[in-house]
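Below you'll find the structure, written out as structure tokens, and then a few comments.
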Amino acid sequence: MDEIQNNQSSGKSKKIWIALLALLLGGSAVSNFFLWNKEQKSTAFASSRLDSLSALQLLKDSLYNELAVEQDKVANLRLEIAMYQGNNDSLLNLLREKEQKIASLRSALSGGGSVSSMRSLKDSLSKFKNENISFRKQMDSLNLESDAYKAKMLEQEAQIAFLEKQKTTLSNKVDIAAQPNVGPVIVVPQYEKKGVFLPIFKAKKVERLQITFDVLGNKLTEKQTEKEYIVRIKNPDGIILSNDNSKLMDIDDVYTFKEKVIFNGTQQKIKHNFTQKPDYKKGKYTVELREGKEVKNTFSFELI
């Protein structure tokens, strides 16, 4: 009897332990399920968050790249304005506004923000790009006008240069025409008789040579000009008659008579009496009237 009771008591204890174990296993399973579910939700949220951050970063990078492109365009526009338009205040002011807009957009990008704010910035950037395209067209139109204007200016400058050349040519011709001309140079051998000098062509009796020529009047002359005329008389032996420049080494620099003339347009008569110490030789004498190195007139006479 006691054995039967012990067996019954042992069976009840086993049932209780089994029930407790089942409860523990059930509670553990429920707890594990809740933990697993929470972990899944956290993983999904973190993954979603990472995807969102990645998309945001990609959008920001895209906007930075677009801003860099537009900034380069604005910089190129500034160079073109400097090249074609010079210091055009109105265009430069527009460029400054564009550069400020780029700085503002870049500042907004660097400040972070949500995807919606980035999309708003993208819309602003798209509008800015369209404005740049419009500005580019205006610049092209201005450049075409500038090229046409430059071509017209070059044509006018060419015409002015041609007219200036014509003016210079005419001015030179007038200057040349206004220069004094000289008449024929005449040399008369003379001797003195009773206080009067008379012409003589006998070499032994010649006492002096009278040299005369006229600086002819010119109505085109408006201002005074200084001229120097040189007379060279060469004797039959080819020697230049000279009293003042026998020390000159170059035969081309030796002269018989030199006269400076201040010419104002009116005719002037030049007269000079040349006397040499040795007797004059028989033969033919040649005479040159020069202005500088240019021979203006020649003359010849013969003594017997």
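Nothing in this text is a laboratory measurement; each read-out follows from the coordinates by a stated rule. None of these values were measured; they are calculated from a predicted model. Here the Cβ is made from the backbone with ideal geometry for all residues, glycine too, and neighbour counts use every protein chain on show.
Grab the Cα-Cα distance for residue 286 and residue 300, subtract it from 0.36 nm times how many residues apart they are, and report the gain in nm with one decimal. Display every interim value, and only then the final one.
Numbers: separation 14, 0.36 × 14 = 5.04 nm, distance 0.44 nm.
Going from the current span to full extension adds 4.6 nm.
Quickly rank 295-303, 179-187 as a protection proxy: mean count of other C-beta atoms within 10 Å, highest first.
Working: 295-303: 14.9, 179-187: 17.2.
Ranked by mean Cβ neighbours within 10 Å, highest first: 179-187, 295-303.
By how many nm would the segment from residue 219 to residue 192 grow when fully extended, if each residue of separation counts as 0.36 nm and the alpha-carbon distance is taken off? Present the calculation step by step, with values, prior to reporting the outcome.
Values: separation 27, 0.36 × 27 = 9.72 nm, distance 3.93 nm.
Result: 5.8 nm gained on full extension.
When N counts the residues of the range 203-304, how does its alpha-carbon radius of gyration compare numerically with 2.2 N^0.38 Å, as a ratio?
1.18
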